[in-house]
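Visitor: Sharing a structure below in structure tokens format, with a few things to ask.
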Amino acid sequence: MATPPISRRRFLETAAAGAAVTALPATALARRVRKVDVVVVGAGISGLAAARAVKKAGKSVVVLEARDRVGGRLLNAPIAGGHITEVGGEYVGPTQDRIKALARSVGVQRFKTYNAGANVLIVDGQRLPYDADPGIPTDPDVMKSIGEGQRLDALAAQVGVHAPWRAKRAEEFDAQTLAQWRDKNISTARGRAIFDVAAKAVWGAEPKEMSLLYALMYIAGAGNAKTPGSFLRLLQTPNGAQEERIAGGSQEIAIRVAAKLGSAVRLEHPVRRIARRGRGVRVIADGLTLDARQAIVAVPPALTSKIRFTPGLSPSKRKILEAMVPGKLIKAECIYERPFWRDAGLSGQSASDVGPANTTFDNGPPDGSLGVLFGFIGGDSARAFRAMAPADRRAAVLENLVAVIGEQARTQLDYFEKDWGDEQWTLGCPVGHIAPGVLRRNGAHLRTPHGAIHFAGTETADYWLGYMDGGVRAGERAAREVLHDLKLG
């Protein structure tokens with residue numbers, strides 16, 4: 001099921017129709033494209049899903065992407081044996097209906113995340129294996145904290161996904177951090193430590209950095225219209241958000257959607273300005289200016305706030321965009337000749353109160369022909385990690401892996417890291433989070449259009465905010481908005 005490395009060259013080869021146009025000089029592009037029904041800013045999974053829906057409805061569309069590739073926060077990296085490993089978003093799970101449907105539509109399959117044998121919990125210097133299925137630690141303090149943490153589900157149900165800022169207790173929830181809730185509700189020090197580990201992996205942030213109201217909105221979104229959101233669903237592999245992976249890597253979906261859009265996708269054209277022009281908009285990118293009847297901005301909020309809008313965004317719109325701070329989550333990956341930990345009855349999954357790599361996963365190909373293990377480094381751990389020398393970073397990660405799978409962890413074929421904070425056109429991963437005092441006052445403006453300009457991206461999703469599924473949902477919602485407005489004329 002593995003595919004060759006994904007690159008700009010492969011995208012151009014796959015999208016034969018797009019190759020000729022994308023390769024033209026910017027001046028030639030400017031002469032050939034002047035007017036279009038819809039311009040989509042950003043060729044991540046959200047922007048591509050939006051463009052696909054617009055095109056399917058029979059409207060003309062152009063996607064402008066700043067990078068030399070498609071996929072946004074989805075990125076495959078080539079490794080030994082012609083395999084790939086994902087260095088960005090990768091997992092899908094129950095109730096993530098829209099990303100699964102999109103994958104099926106372009107012929108991309110899924111496979112189960114490796115989840116056999118024992119996971120490992122490391123807390124207070126103890127190494128505690130536990131069954132990978134159901135994947136719930138048996139340590140009494142941690143089990144207790146999981147039960148206490150599930151109290152968040154009831155609060156999330158009160159908040160909901162559509163307008164949490166209108167919830168009865170919105171002011172109360174938005175006046176405190178998730179850390180303050182943790183200290184009042186998680187009764188043991190060990191439990192609080194593992195709660196923090198979970199937050200680092202889910203948000204790339206510390207509980208002290210985010211509003212409780214934001215966290216409840218996020219948890220409420222870990223479901224769908226028929227299934228209530230669940231804190232545990234965010235954390236689990238079986239029956240949870242990490243249950244499955246994408247054959248060929250998650251970026252494969254973006255590659256194939258972009259290929260079907262062909263010449264509509266224009267790489268290396270960062271958008272600098274969007275201005276009202278009559279009843280439509282003028283979109284000004286490096287080397288290319290387009291006039292459109294409608295526009296969809298589908299990039300992270302931290303990048304949206306850098307675009308110059310004329311007339312300017314409302315103060316509330318700008319505040320909510322600027323308040324969504326990109327997460328700090330680094331993936332450190334080790335490649336081995338084979339997944340030897342499986343022979344020892346280990347799944348490769350772990351949670352530890354010792355950083356920098358507080359959580360780990362087996363990320364190898366489904367046939368087990370190569371061993372891949374990665375660690376998530378998030379929040380304060382990521383800040384400290386970035387300040388270390390490269391050799392010290394590698395040594396620290398290997399110590400984490402040795403604690404999980406043994407001394408053989410030191411004999412890797414390759415080691416590499418992906419820090420999304422270094423990406424000019426991302427600025428952080430996996431999702432933007434919000435500190436107290438902003439969401440209740442300004443959240444209603446998160447998804448609202450600005451004239452003929454609509455907003456997508458996973459941060460604007462209702463269900464599965466922060467995930468690939470949320471990106472698809474937001475893109476399809478923005479497409480419905482523009483198609484409605486186009487119909488009105």
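The values are calculated or read from the model by the stated rules, or taken from the named source; none is laboratory data. None of the values given here were measured: they were computed from a predicted structure. We place every Cβ from the backbone using ideal geometry, glycine too, and count neighbours over all the protein chains shown. The protein model used for the area step is the full one, side chains on, heavy atoms only, and it has no ligands, DNA or RNA in it. Shrake-Rupley method; radii C 1.70, N 1.55, O 1.52, S 1.80 Å.
Visitor: Could you tell me whether region 448-489 comes out rounded, prolate or oblate from its Cα gyration tensor? Rule is a ≥ b ≥ c as square roots of the eigenvalues, rounded for a/c under 1.5, then prolate if a/b exceeds b/c, otherwise oblate.
Guide: Prolate is the answer for region 448-489, as a/c is 1.5 or above and a/b outweighs b/c.
Visitor: Now a separate question. Of N239, Q176, S250, whose Cα points farthest to the positive end of the dipole of region 125-277 (charges on the beta-carbon: +1 Lys, Arg; -1 Asp, Glu; origin at the Cα centre)?
Guide: Comparing the listed Cα positions along the dipole, S250 ranks first.
Visitor: Then there's this: Which entries in K144/K184; K144/K208; K208/K328; K144/K168; K184/K208 show an alpha-carbon gap greater than 18 Å?
Guide: Pairs exceeding 18 Å: K144/K208; K144/K168.
Visitor: Only four residue types carry charge here, +1 at the Cβ of Lys and Arg and -1 at the Cβ of Asp and Glu. Report the dipole size of region 159-201 about the Cα centre in Debye, rounded to the nearest 20.
Guide: 140 debye
Visitor: Right, another one. If one takes the longest principal axis of the Cα atoms in the chain, at what angle in degrees, from 0 to 90 and to the nearest 10, does the Cα axis of helix 189-203 lie?
Guide: Roughly 30 degrees between the two axes.
Visitor: At what distance in nm do the modelled label points of V402 and K226 sit from each other, each positioned 7 Å from its Cα along Cα→Cβ?
Guide: 5.0 nm
Visitor: On to the next question. Projected onto the charge dipole of the chain (+1 at Lys/Arg Cβ, -1 at Asp/Glu Cβ, origin at the Cα centre), which of L121, V61, C334 gives the Cα projection farthest towards the positive end?
Guide: Farthest along the dipole direction, towards plus: V61.
Visitor: For the chain, what % of the accessible area comes from carbon and sulfur atoms, probe 1.4 Å?
Guide: The computed percentage sits at 51.
Visitor: Let me spell out the model: positive unit charges on the Cβ of Lys and Arg, negative unit charges on the Cβ of Asp and Glu, origin at the Cα centre of the chain. What dipole size does that give, in debye rounded to 20?
Guide: The dipole magnitude comes to about 2820 debye.
Visitor: Let me ask something else about it. Just reorder F416, F111 by solvent-accessible area, largest first, 1.4 Å probe, all chains present.
Guide: So the residues, ranked largest to smallest area, are F416, F111.
Visitor: Let me ask you something else. For region 377-420, with every protein chain kept in place, what is the accessible area per residue (1.4 Å probe, Å²)?
Guide: 47 Å²
Visitor: Can you classify the chain as rounded, prolate or oblate using the Cα gyration tensor, where a ≥ b ≥ c are the square roots of its eigenvalues, rounded means a/c under 1.5, and otherwise it's prolate if a/b beats b/c and oblate if not?
Guide: oblate
Visitor: When DSSP assigns beta bridges and you keep just the ones with both residues in the chain, what percent turn out antiparallel, to the nearest 5?
Guide: Roughly 70 percent of the beta bridges in the chain run antiparallel, per DSSP.
Visitor: Roughly how large, in nm² to one decimal, is the mean projection of the convex hull of the alpha-carbon atoms in region 199-254?
Guide: 5.0 nm²
Visitor: For the chain, find the longest principal axis of its Cα atoms and tell me its angle to the long axis of helix 251-261, 0 to 90°, nearest 10.
Guide: 10 degrees
Visitor: Using a 1.4 angstrom probe on the protein heavy atoms only, line up K144, K487 by accessible area, largest first.
Guide: K487, K144
Visitor: Hey, can you rank 198-205, 215-222, 129-136, 441-448 by average C-beta count inside 10 Å, highest first?
Guide: Peptide ranking by packing, descending: 215-222, 198-205, 441-448, 129-136.
Visitor: Ok, one more. Treating the beta-carbon of each Lys and Arg as +1 and of each Asp and Glu as -1, no other charges, what is the dipole magnitude of region 364-489 about its Cα centre, to the nearest 20 debye?
Guide: For region 364-489, the charge dipole is close to 520 debye.
Visitor: For the chain, what does -39500 (n - 2.57) per DSSP helix run (n ≥ 4), summed and divided by total residues, give at 222 nm, in deg cm²/dmol to the nearest 500?
Guide: It comes out at -10500 deg cm²/dmol, rounded to the nearest 500.
Visitor: So, one more: Of W464, W425, which has the most accessible area with a 1.4 Å probe, and how do the rest follow in descending order?
Guide: Highest to lowest solvent-accessible surface, that is W425, W464.
Visitor: Nearest 5 is fine: what % of DSSP beta bridges in region 228-290 come out antiparallel, could you say?
Guide: 100 percent
Visitor: Continuing with the same structure: List the lysines whose Cα lies under 20 Å from the Cα of K35, skipping any in the same chain that are fewer than 8 positions away.
Guide: Reachable lysines: K55, K56, K59, K487.
Visitor: Further question on the same structure: Taking the chain as the reference, fit the longest principal axis to its C-alpha atoms, fit the long axis of helix 390-405 to the helix C-alpha atoms, and give the angle between the two in degrees, 0 to 90, nearest 10.
Guide: Its long axis makes an angle of about 60 degrees.
Visitor: Here is a further query. With unit charges on the beta carbon (Lys/Arg positive, Asp/Glu negative), name the residue among F309, A382, F416 whose Cα is farthest towards the positive pole of the charge dipole of region 275-434.
Guide: My answer, from the dipole projection, is F309.
Visitor: I'd like the per residue volume of the convex hull spanned by the Cα atoms of region 188-319, given in cubic angstrom.
Guide: 192 Å³
Visitor: Quick one: Kirkwood hydrodynamic radius for region 368-489, alpha-carbon pairs, angstrom, one decimal?
Guide: About 18.1 Å, per the Kirkwood formula over Cα pairs.
Visitor: I'd like the accessible area for V62, computed on protein heavy atoms only with a 1.4 Å probe and all protein chains in place. Round to 10 Å², please.
Guide: Solvent-accessible area, nearest 10 Å²: 10 Å².
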